[in-house]
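**Q** Dropping a structure here in structure tokens format, bear with me for questions.
The values are calculated or read from the model by the stated rules, or taken from the named source; none is laboratory data. From a predicted model like this one, the values you see are computed outputs, not experimental measurements. Because the Cβ atoms are built from the backbone with ideal geometry, glycine has one as well, and the counts that use them run over all protein chains shown. Quick note on the areas: whole protein, heavy atoms, side chains included, nothing else; ligands and nucleic acids left out. Shrake-Rupley method; radii C 1.70, N 1.55, O 1.52, S 1.80 Å.
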Amino acid sequence: MPLMPAPLRKPLAAVSLLALLAGCQATPNTELRGTGDLGVVVERATGSLAVVDTSERRILERVEGLGDLSHASVKFSRDARYAFVFGRDGGLSRVDLLTGEITHRVMQSGNSIGGAISQDGALVAVANYEPGGVKLFDSETLEEVADIPATYRDEDGQEQRSKVVGLVDAPGNRFVYSLFEAGEIHMVDMSGGAPEVTRFTDIGKAPYDALIGPNGRYYIAGLFGEDGLALLDLWHPEAGVQRILPDYGRGEERLPVYKMPHLEGWAMAGDEAWLPAVGRHEVLLADSDDWSLVDRIPVHGQPIFVMSRPDERQVWVNFAHPDNDVVQVIDTESREVVATLTPGEAVLHMEFTPRGEQVWISARDSDRVVVYDTRTLEEIARLDSESPSGIFFTDRAHRIGL
């Protein structure tokens, strides 16, 4: 190929340089960063998310326009860049944590209660109260992939729709959830592209929430209508649902339940599972081999979240109204309460940093998030936030059920 004459090469080189400079000037002057130390705090009163840096312990920016966040939850994309926000008003939003922008938003139901991300990261599932059921969306576009009504037959044989609670992701691109009115657990297999639903009936009265173990094997639904819990072994679903802790509290007088406990935290320490007792001032310990009751630990109030520090050395507990200005720390070896902390009024949520050196706690009515050193149990930071509730860090993107 003949060499281009020198007089012609110089003008073309100048044009190329100008184009390159113009392109650089058009690129926003944004800070390059990863997402591994990021997270979000739900600010329910303003319908916003505060994007936080857990290493620097500060708020980076706020994302507004997310609707009713009174019981919002958040999941993260596989690459931990995008937060999927599940609003109580049925809104599903996809937020870019690096730009602080809402990339997609759909109003997919009248009332929803959380969601999950599939194992391969391709699907977002949403649990709906109204109309009862689960909807699946493409995680890139939020285009609807499937609509799965939560139907059952009532005592008169009429088909009804049930509220969906306790929706989690499970290995094998499966989703598992419970039907509140129906007293059922449903498992949806999406590994073949189309939903295949397996129903487990007569699991107990009024399942109100559920959890899945950190290895994805056991799905456990709490029962509000009776004592005990319902367990489904996802390694052997053909065995059906097993009742565990069936005699706990039988014959004892219940206290008024001011707020339903959340099972999401799934506190595991060694071979023991730590669970909140419904309507009692106790934390339960169960043997994870045979699911028998091992111990009851008296605590300050009715527990809401019972959460294990990542190294399983401590369990942190917060409580329902009127005792919700307190957080207690339990030593898992001695099984004793070793600290009672007062982060503020109306403590709603706790979140550990990935290796557990910090815990972030939201105090809604004090308009603040308080950060504690989990070794010294001393406060190390305080962030102003309007009516904060849920706190979610991006390491959840790589953990089953979170």
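**Q** Probe of 1.4 angstrom, ligands and nucleic acids ignored: what's the accessible area per residue over the chain, in square angstrom? Before the final figure, lay out the partial values.
**A** On the way: 17970 Å² over 402 residues.
Using a 1.4 Å probe on heavy atoms only, each residue of the chain averages 45 Å².
**Q** Of the heavy-atom accessible surface of the chain (probe 1.4 angstrom), what whole percent is carbon and sulfur? Write out the running numbers ahead of the final one.
**A** Working: 8590 of 17970 Å².
For the chain, the apolar C and S fraction of the accessible surface comes to 48 percent.
**Q** Can I ask one more? Using Cα pairs under 8 angstrom and six or more residues apart, how large is the relative contact order of the chain, in percent?
**A** Working: 1058 pairs, mean separation 41.7, N = 402.
This gives 10 percent for the chain.
**Q** Scanning the chain for chymotrypsin sites (Phe, Trp or Tyr not before Pro) in DSSP loops with at most 15 other Cβ atoms within 10 Å, what's the longest stretch left with none? Can you show the working numbers first?
**A** Values: sites that count: W235, Y258.
Result for the longest clean stretch: 1-234.
**Q** What do you get for GluC sites (Glu not before Pro) in the stretch 355-402 restricted to DSSP loop and a cutoff of at most 10 other Cβ within 10 Å of the site's Cβ? Present the calculation step by step, with values, prior to reporting the outcome.
**A** Details: sites: E357, E378, E379, E386; in loops: E357, E378, E386.
Counting only loop positions with at most 10 other Cβ atoms within 10 Å, the GluC sites (Glu not before Pro) in the stretch 355-402 are E378.
**Q** Okay, moving on. By a straight-distance test (C-alpha under 12 Å), which aspartates and glutamates pair with K75 as possible cross-link partners, with residues fewer than eight away in the same chain excluded?
**A** Leaving aside aspartates and glutamates fewer than 8 places away in the same chain, those within reach of K75 are D169, D395.
**Q** Separate question: Reachable aspartates and glutamates from K163, Cα under 15 Å, same-chain residues fewer than 8 places away excluded?
**A** D89, E130, D147, D154, E181, E184, D209
**Q** Which trypsin sites (Lys or Arg not before Pro) in the stretch 289-363 pass both tests, a DSSP loop state and at most 13 other beta-carbon atoms within 10 Å?
**A** The qualifying sites are R355.
**Q** Let me ask something else about it. By how many degrees, between 0 and 90 and to the nearest 10, does the Cα long axis of helix 6-26 differ from the longest principal axis of the chain?
**A** Between helix and principal axis, roughly 30 degrees.
**Q** Is the shape of the stretch 91-143 rounded, prolate or oblate, going by the alpha carbon gyration tensor and its root eigenvalues a ≥ b ≥ c, with a/c under 1.5 for rounded and a/b larger than b/c for prolate?
**A** Working: a/c = 2.26, a/b = 1.44, b/c = 1.57.
Oblate shape, in that a/c is at least 1.5 and b/c is the bigger or equal ratio.
**Q** Work out, step by step, the length gained on full extension between D287 and R355: first 0.36 nm times the residue separation, then minus their alpha carbon distance; give nm to one decimal. Mind showing how you got there, number by number?
**A** Details: separation 68, 0.36 × 68 = 24.48 nm, distance 2.50 nm.
That pair, D287 and R355, stretches by 22.0 nm at full extension.
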